[in-house]
1. Can you give me the angle between helix 304-315 and the longest principal axis of the chain, using Cα atoms only, in degrees from 0 to 90, rounded to the nearest 10?
2. Let me know the Rg and Dmax you get for segment 39-106 when you use only its Cα atoms, in Å.
3. Of the heavy-atom accessible surface of the chain (probe 1.4 angstrom), what whole percent is carbon and sulfur?
4. Does a label point 7 Å from the Cα of ARG203, set along Cα-to-beta-carbon, have any residues of segment 147-191 with amide nitrogen under 18 Å, and which are they?
5. Kindly express, to the nearest 10 degrees and within the range 0 to 90, the angle between helix 58-71's C-alpha long axis and the longest C-alpha principal axis of the chain.
6. Could you compute how much accessible surface HIS274 exposes when probed at 1.4 Å, giving the result in Å² to the nearest 10?
7. For the chain, what is the mean residue ellipticity at 222 nm derived from helices alone (per DSSP H run of n ≥ 4: -39500 (n - 2.57); sum divided by total residues; nearest 500 deg cm²/dmol)?
8. Compute the Kirkwood hydrodynamic radius of segment 274-359, taking the inverse of the mean of 1/r over all pairs of distinct Cα atoms, and give it in Å to one decimal.
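The values are calculated or read from the model by the stated rules, or taken from the named source; none is laboratory data. Just so we're clear, the structure is a prediction, and the values are computed from it rather than from any experiment. Every residue, glycine among them, receives a Cβ derived from its backbone with ideal geometry; neighbour counts consider all protein chains shown. Heads up: the accessible areas ignore ligands, DNA and RNA and are worked out on the full protein's heavy atoms, side chains in. Shrake-Rupley method; radii C 1.70, N 1.55, O 1.52, S 1.80 Å.
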Amino acid sequence: MTVVHHPEDARILHRQVRALVDAGHEVTYAAPYTARGVVPRAWVTGVDLPRASERKRIAAVRAARKLFKSMRDKVDLVLLHDPELLLAVVGVRNRPPVVWDVHEDTPATLSLKPWLPPFLRPPVRFLARLLEGTAERYLHLLLAETAYAGRFRQAHLVVPNETWVPDHVSPPGDDRVVYLGWLSEARGVQEAVEVAKLLRPHRVAVELIGYADPQSRPLLNQAVADGVLEWRDFMPNDEALKRLDGALAGLSLLHDEPNYRHSMPTKIVEYMAHGIPVITTPSPRAVELVERYDSGKVVPWRDPEAVARAVLELRDDPEERRAEGARGYAAARANHHWPNSARRFVTQLEIWGEEGRAKGRRGARPRRSRRSVEQTGTSEKADK
């Protein structure tokens, strides 16, 4: 269930749901299909939910709670993807095991939400931490990052944001730079537009792929109208990844925000997986990955000129460009290929589902299982 994420979300649909379906499980996927203008994939049973957006969230949570109550006797396990949905399951009796997939540092993201007034952020941050503590006591947890473990008392399985790495990739080209992911001020949308303006005289195109928040859309629409760049808006992950093939480089222009300091930008792994060099701002996890594999260049925060220089250096040095792309691809294939984590993810959900059926007391507090898969397994561990 999700009321926040796009139904075509890469982590939810293209990794986790696909892994469960490939393992032979039947999946009902509840998401805001109508609100996002998409239809369910043929290999899942889709259920439409309202979308939770900015301050309009109560109706979506109520609808999710109603659905949860109606489905609780029909499923073996429920997987939640939004902190809001914790309110949809709290207090519901006779329920199947519930798992919360922790995608981000919820309290840290509040500074990135312009719709939330500053005076409300402290109490909302307190509520978020309270919900996290309650979830840990009554639900099962999965973590998208090892760094999230510090917010919880117990150990929880880490299911990292890895990607599907193709068997073969094309060498990087010399005339197109790409950005894949959510577009917002904190993720560098203004810098991306400035980079496009700087590269335009050099005949290097900039292509942005991803949903833009309401604050960024006017800027992007104007840039497209002026012929500065291409913006493809949201694309399903399997289609968007194809646009990476043959690009000169992939951009990750995150600002220095608390929520980004300990998170691995998935786009960096995706760029590496498609054999193109990475150009990233110095977010600690991004620097660690790029420098470890020598798969790209690190540029200062909010410095479009430095980004443009890095792009032109790669364009003018085809040997280095191809070498960085090849090193990144080899590292992604060896250490960040989603099927490696998919097996642990599916196995853990199967264990929790079996335990729920065996207990016969649905809704009981989770207990640490002796059969649990290894709790600290991550892609970083594979690297070491």
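1. Its long axis makes an angle of about 70 degrees.
2. Considering segment 39-106 through its Cα atoms, Rg and Dmax are 12.4, 33 Å.
3. Carbon and sulfur: 51 percent of the exposed surface of the chain.
4. What the label zone holds, given the 18 Å backbone N cut-off, is 173-177.
5. On a 0 to 90 degree scale, this one is about 50.
6. 10
7. Theoretical 222 nm ellipticity from helices: -11500 deg cm²/dmol.
8. Values: mean 1/r = 0.0657 Å⁻¹.
The Cα-based Kirkwood calculation yields 15.2 Å.
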